[in-house]
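To keep things clear, I will list the structure first and then write my remarks on it.
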Amino acid sequence: MYKKLLKWEVIAVIVAAVLMISLLLIKPIIGLADNGDFERIMVQIGLAYPDPNEARIDRYFSFVHHLYAYVNPASGDYVSSQLILMIPALWIGKILPGPWFDIRVLAVEYIVLFLLALYLIVKLNKTNNRVVNGVLVALTIVVFADIGYILYFNSMYGEAVTYVFLFLTIAFGIQLARQKHPSVWVVILFYISVIMLACSKTQYTPAGFIAALLTIRLWFMRKDTIWRSIIVSMTALLLILSFICYKSSPAWIDKINIYQTVFYGVLKDSPNPEQDLRDLGVDPKLAVNAGTHFWSDAAIPQEDPKLYEELYSKIKFPDIAKFYLTHPQRLWSKLEATAEYAWTIRPSVDGIAFLGNYEKQENPTPAAQVETFSLWSHVKEQYHPQGFIWIVLLYILYGLGILLEYRRARTHGERLIPDLLTAVAVIGMVSYVVPFIGSGEGDFAKHLFLFTVCLDVMLVSGIWWLAKGRLIRKG
């Protein structure tokens, strides 16, 4: 009994569970304030803010709300795998006493999923050295249970779905690699996790297409018809759903993002905005809006028919990507600008977090931040290297480690792990460039969420790899 409880995977789960429960489920309730994104989910599942007359400054950005009113759901055009988790949370909420939906019900779902992933990852990667195991488990919890990450659990942001299903994807992938006879059920869970990750937000759909490449390795891990039929059908489902989620982005969101990526991206800090617009095939007279974002005052209002005619109907995101590819200096400048926020976990501008963590009755200071269990957040923000070149160097070192793993691997199962870690690195890099191509420099820190997580996975997995390699050499 005690030996089972003293297993490192059990210890990791108990410590992480106590930490998350004490921080997220016990008052004072902490989370992330709404920046305006919640309602596109709330309207479809039938939730509303309890006070319809609440001041806008209290509802958005400044304070957390953990109770919501039940209302009749309305039709919506926002497609996200987040809805799959919201619906059962809503059902459970209605069973519980009280007239309100408590956001902590949703947090419990995320906590359970995260703990499942943590259990599998620790179980499948622990060493024979107690000290090393203790250090690595502590590092994993300090990094991935950091308050900057788990605050998303008490919110309706899609990033919480992204977070837990990235780890479940990694966990089930490692489990498949460790099995002598890979399980059909585990591979199905692997694909479901990838689908939930890719469809959590439109900007993360590239993860689905990248992860689909792992099909090549999975195909060769078993030769029977059942296995290969499931691999083909689940890959097809992954690709189809990723494509649907990408194409289903509502027109009103695309409009905002096009404005952001042109005026607050391409033209922001541009030496020649008029020429940039010519290169994009857009009227250079629109350059008067350079440096403005969608919600700021502008010479040409954002809803002006001229913008619909000259911008929104003309520019597509591939046009923006083409612009940067044909203007390498401008591409590098955006890669450098992005690097300023690449190490930041909490949504912030110029180093100042702008989404409140407390309810107003608990802390009346707008956008007040909780500092408990935020060591990793602070270390990254205060001591990270400056510039995109350091990210490139990190990727080079990481790539060399993966190449060494490929050389050591002898079976398709052994090669699946470096395949999986390569996919994480590629997903991270794609997530690094998507924000400035898809929405300019607006809300960089939040839009870089998936890159930040992938970067931390690379750092922690690299340390695990070095520790295990050293033990193997000693043995």
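Quick notes on this one:
- Stretchable slack from F220 to L403, in nm (0.36 nm times residue separation minus alpha-carbon distance): 63.9 nm
- The sum of -39500 (n - 2.57) across all DSSP H runs of n ≥ 4, divided by the residue count of the chain, sets its helix-only mean residue ellipticity at 222 nm to -19000 deg cm²/dmol.
- In degrees, nearest ten, helix 388-408 long axis to first principal axis of the chain (Cα): 30 degrees
- Net dipole in debye of the range 1-178 [+1 Lys, Arg Cβ; -1 Asp, Glu Cβ; about Cα centre; nearest 20]: 1040 debye
- Efficiency of FRET between S75 and K316 - r from beta-carbon atoms, R0 25 angstrom, step 0.05: 0.40
- Pairs exceeding 20 Å between alpha-carbon atoms, taken from K7/K123; K7/K180; K255/K314; K255/K306; K360/K446: K7/K180; K360/K446.
- Between helix 130-144 and the chain: long-axis angle, C-alpha atoms, 0 to 90°, nearest 10: 20 degrees
- Listing W252, W219 from fewest to most neighbouring C-beta atoms within 10 Å gives W252, W219.
- Any cysteine of the chain lacking a neighbouring Cys Cβ under 4.7 Å - listed by number: C454
- Additional length obtainable on full extension of the chain from D283 to E414, 0.36 nm per residue less Cα span: 41.7 nm
- Sparse-neighbour loop sites [GluC sites (Glu not before Pro); the range 219-321; at most 13 other C-beta within 10 Å; DSSP]: E303
- Around W376: net Lys/Arg minus Asp/Glu count, Cβ-Cβ under 12 Å: -1
- Reported to the nearest whole Å, the Cα centre-to-centre distance from the range 343-365 to the range 79-153 is 21.
- For P366, neighbours were defined as the other residues whose beta-carbon sits under 15 Å from its Cβ, and their charges (Lys and Arg +1, Asp and Glu -1) total -2.
- Relative contact order, percent, the chain [alpha-carbon distance under 8 Å, six or more residues apart]: 20 percent
- For the listed peptides 121-128, 291-298, 140-147, a ranking on the average number of other beta carbons within 10 Å per residue, highest first, reads 140-147, 121-128, 291-298.
- Against the main long axis of the alpha-carbon atoms of the chain, helix 449-474 sits at an angle near 20°.
- Charge context of Y308, other residues only, Cβ under 14 angstrom, K/R +1, D/E -1: -3
- Legend: ranking of residues K223, K306, K468 from fewest to most surrounding C-beta atoms inside 10 Å; resulting order K223, K306, K468.
- Filter on K247/K334; K247/K322; K223/K247; K126/K201; K268/K380; K94/K380 - keep pairs with C-alpha separation over 30 Å: K223/K247; K126/K201; K94/K380
- Pairwise label distance in nanometres, D350 with K94, each label 7 Å out on the Cα-Cβ vector: 4.7 nm
Values in this text are rule-based calculations from the coordinates and carry no lab data. Model, not experiment: these values are computed from the prediction. For neighbour counting, all protein chains shown are included, and Cβ atoms are generated from backbone atoms with ideal geometry for every residue, glycine included.
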